[in-house]
Amino acid sequence: MTTCVFVQIRCQPGTTYEVAEEIALREIHSELYSTSGDYDLLMKLYIPEGQDVGKFINENMKGIKGLERTLTTLTFKVF
């Protein structure tokens with residue numbers, strides 16, 4: 001069973017579209033949205049069974065130019 005997580009992504013000013021394009025090329029997400037507020041993007045992804053959530057996100061997000069900060073929310077049950 002996979003783990004669903006949401007990752008909010010803050011980008012350096014003026015880089016949101018470039019960051020989104022790089023994430024899309026990596027094909028790790030289920031959905032990716034532009035948002036307002038403290039973060040610029042909201043990504044929904046499923047972590048494969050047996051994978052460490054933090055390590056999976058770090059390995060797949062590292063090296064993306066313009067990515068400033070992330071905030072990950074774990075999910076437990078869908079209703």
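As I understand it, the value is the acute angle between the Cα axis of helix 16-26 and the longest principal axis of the Cα atoms of the chain; what does it come to in degrees, rounded to 10? Approximately 40 degrees, to the nearest 10. With unit charges on the beta carbons (Lys and Arg positive, Asp and Glu negative) and the dipole taken about the Cα centre of the chain, which residue among Thr15, Met43, Leu25 sits farthest to the positive side? Result: Met43.
Karplus-based coupling profile of the stretch 29-39, in residue order and whole Hz: 9, 8, 9, 9, 10, 7, 9, 9, x, 6, 10, with θ = phi - 60° in 6.51 cos²θ - 1.76 cosθ + 1.60 and x standing for Gly or Pro. Proximity of backbone amide H atoms, modeled 1.01 Å from N, is registered between Ile47 and Thr3, Cys4, Val5 at under 5 Å, excluding neighbours fewer than 5 places apart on the same chain. Note on the stretch 3-74: Cα convex hull, mean projected area over all directions, 4.3 nm².
Taking Cβ atoms as reference points and 12 Å as the exclusive limit, the residues near Pro13 contribute a net charge of -2, counting Lys and Arg as +1 and Asp and Glu as -1. Annotation: lysines with alpha-carbon distance below 28 angstrom to Lys65 (same-chain offsets under eight excluded): Lys44, Lys55.
Throughout, read-outs are computed from the coordinates displayed, never taken from laboratory work. This is a predicted model, so every value here is computed, not measured. Note: ideal-geometry Cβ built from the backbone for every residue, glycine included; neighbour counts use all protein chains shown.
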